[in-house]
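Have a look at the structure below before the remarks.
The values are calculated or read from the model by the stated rules, or taken from the named source; none is laboratory data. Just so it is clear, the structure is predicted and the values come from calculations on it, not from any experiment. Ideal geometry is used to build each Cβ from the backbone, glycine not excepted, and the neighbour counts take in all protein chains shown. Side chains included, ligands, DNA and RNA excluded: accessible areas come from the protein's heavy atoms. Shrake-Rupley method; radii C 1.70, N 1.55, O 1.52, S 1.80 Å.
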Amino acid sequence: MSKKRVMAMVLAAAMTATALAGCGKDGGKGDNPGSTTENGGNGEESSAGSGEALRFLDVSPSEMRQTYYEGIFAKFEEETGISVIYESVPWDDAANKITVLGGSGQLPDVMTTWSGWLGQYTQAGWVIPLDEYVGDTRDTYTDAVNKLLWKSEEDRYGHIYTVPDGLMVKGVYVRKDWCEEAGITLDPAAGWDYAEFFDVVHKLTDVENKHYGASYRGARGAFDPLLVYLQSYTEGNTYDQEGNILINSDECLKAFEDWTNIYLDGCAPEDAINWGFTEMVDNFTGGLTGTLINDSEVAPTCIANMEDSQWMVMPMPRSTKDGRIYNTVNAPYSYTISGDSKQPDNAWKLIEFLTTPENNIEYCQKTGEIPIKKDVENDPMFGPDGPYTVFVQQLNDPNMAVPAMFGPFDYTDMHQGMMHEEIQKYLLGTQDARTSLDNICNELEKRMKAYKEEHPETVIETALVM
């Protein structure tokens, strides 16, 4: 838009039959994974036996998403005669669930997939390349899709494996009314650097009045925004080309301490050590915290629960070292075709239908994402005066860089465990900062070098620019 994962260890033998339960509309309770409960589990017989019904798995179910998908699948069936079975599994169970289904050859035709799983899935053959399907339609997708997301997949895995459901770029949600009370003036067009961001967080903290400067993420996912901050000292890179990790330097250790000081200095509630996405958002919109770093998906929640005068969005802070904005650009989820699909062509028809400009913009308006097709660039929601102005501004900022990820290997277990657990040990005073950072970095480097040894042709991913 002009403006705005080593075959995985098969867990089937270790998992119980309960874990093999299918993914019905209730989030995976009680249905067999091969069941054909149609569109969310109404118990009616579907046309799966005809070979035309597709199974679609949503790994981030909600009432809104299920309603949207069931409606769009009905339109797809009306237009193509192909029915779609909606299945879902709660996010917290999704990685294990898909591992079990993949190991037993029971993956659905189309899955919503998180980018952090691709290393595992591509090596296991659980998803298929989409290069030939995309073909000459590639130029209908935005530059951010082509030059950032797909370029990253091609660099890491050799092919395109996903079609994003939409784009997200992070911003800093700020309590505008608190800033006015504190005499703080912020200009989204001018932006700010990390030193200025930390200063605002401290100034917005007034514990006596139950005002905390930041929605601090202490639980799973806590290392994600911290990684980006550390990478602002490494030109956006995680490793050098030999696979040596870069984010454990003395400079990065100081950055680790600066970041965690948000919590240790009392700029976040004590229980924030257990916060994830929901708690962060709820406490920002509920008036407990003054800043929130998150993707554009939070904007609809702010619109629905806050007055315009209460909130604003700032771009991600610039690096205090080189002045660049390092920001993740991603699809919260992407559509993939599984290696178990018996009808990949029909699966592609479904993905095409979901991502037509008309359907994609409807979806993005509901989810707070930026559409993936150029044809919607002039929509008022995503134009210069719309609620997503700052997010689109960053997508078009030549000074913005997308930092490298953790690596092309499977790191799901680390992401679900040690990454935030090591930080929590430091926050709780049971371990020093150097040990916490080193434990994470040493494990990442070990995995990167093992991967590179097994795949000597691997080119280590570096930061991407538009």
>> Need the list of lysines near Lys374 for cross-linking: C-alpha distance under 25 angstrom, and skip anything on the same chain fewer than eight residues off.
In response: Lys3, Lys4, Lys75, Lys147, Lys151, Lys170, Lys349, Lys366
> In nanometres, what is the gap between the two model label sites at Val465 and Lys374, each 7 Å from Cα along Cα-to-Cβ?
Replying inline: 2.3
> So if R0 is 30 Å, what FRET efficiency would Leu264 and Ile303 give, r being the distance between their Cβ atoms, rounded to the nearest 0.05?
Replying inline: 0.35
> Counting Lys and Arg as +1 and Asp and Glu as -1, each charge on the Cβ, what is the dipole of region 55-148 about the Cα centre in debye, to the nearest 20?
Replying inline: 280
>> Can you find, among Tyr388, Ser436, His420, the residue sitting farthest towards the positive end of the charge dipole of region 383-466, where Lys and Arg contribute +1 and Asp and Glu -1 at Cβ?
In response: Ser436
>> How far apart, in nanometres, would the label points at Ser249 and Val207 be if each is projected 7 angstrom from Cα along the Cα-to-Cβ direction?
In response: 3.5
> Rounded to the nearest 0.05, what FRET efficiency is calculated for Ala74 and Asp136 with R0 set to 45 Å and r the Cβ-Cβ distance?
Replying inline: 0.90
> Using a ≥ b ≥ c from the Cα gyration tensor of region 232-348 (square roots of the eigenvalues), is it rounded, prolate or oblate, where a/c under 1.5 gives rounded and otherwise the larger of a/b and b/c decides, a/b for prolate?
Replying inline: oblate
> With charges set only on the Cβ (+1 for Lys and Arg, -1 for Asp and Glu), what does the dipole of region 225-381 come to about its Cα centre, in debye to the nearest 20?
Replying inline: 320
>> Suppose we keep just the alpha-carbon trace of region 407-466; what are its Rg and Dmax in angstrom?
In response: 14.1, 42
> For the residue pair Asp345 and Glu154, what label-to-label distance in nm results when each label sits 7 Å from Cα along the Cα-to-beta-carbon direction?
Replying inline: 2.6
>> Run the helix sum for the chain: -39,500 (n - 2.57) per DSSP H stretch of 4+ residues, divided by residue count, reported at 222 nm to the nearest 500 deg cm²/dmol.
In response: -11000 deg cm²/dmol
>> Give me the percent of accessible area attributable to carbon and sulfur for the chain, probe 1.4 angstrom.
In response: 47
>> Can you give me the convex hull volume of the Cα atoms of region 49-151, divided per residue and expressed in Å³?
In response: 143
>> Tell me which of Gly213, Tyr157, Tyr68 sits at the most positive position along the dipole axis of the chain, charges placed on C-beta atoms (Lys, Arg +1; Asp, Glu -1).
In response: Tyr157
> For region 276-316, what does the equivalent ellipsoid look like in terms of its semi-axes, each the square root of 5 times an eigenvalue of the Cα gyration tensor, given largest first in whole Å?
Replying inline: 13, 13, 10
> Can you run phi through the Karplus equation (6.51, -1.76, 1.60; θ = phi - 60°) for region 235-246 and list ³J(HN,Hα) in whole Hz, with x for Gly and Pro?
Replying inline: 6, x, 9, 9, 9, 8, 6, 8, x, 6, 6, 10
> Taking the Cβ-Cβ separation of Leu288 and Gln365 as r and a Förster radius of 22 Å, what is the calculated FRET efficiency to the nearest 0.05?
Replying inline: 0.20
> Just how large is the dipole of the chain about the Cα centre, in debye to the nearest 20, putting +1 at every Lys and Arg Cβ and -1 at every Asp and Glu Cβ?
Replying inline: 440
> For region 146-231, what is Rg from Cα atoms divided by 2.2 N^0.38 Å, rounded to two decimals?
Replying inline: 1.48
>> Can you give me the accessible area per residue for region 264-365, using a 1.4 Å probe, in Å²?
In response: 37
> Can you give the % of DSSP beta bridges in the chain that are antiparallel, to the nearest 5?
Replying inline: 70
> For a paramagnetic label modelled at 7 Å from the Cα of Asp193 toward its Cβ, which residues of region 230-245 fall within the zone defined by backbone nitrogen distances under 13 Å?
Replying inline: 233
>> Given N residues in the chain, what is its alpha carbon radius of gyration divided by 2.2 N^0.38 Å?
In response: 0.97
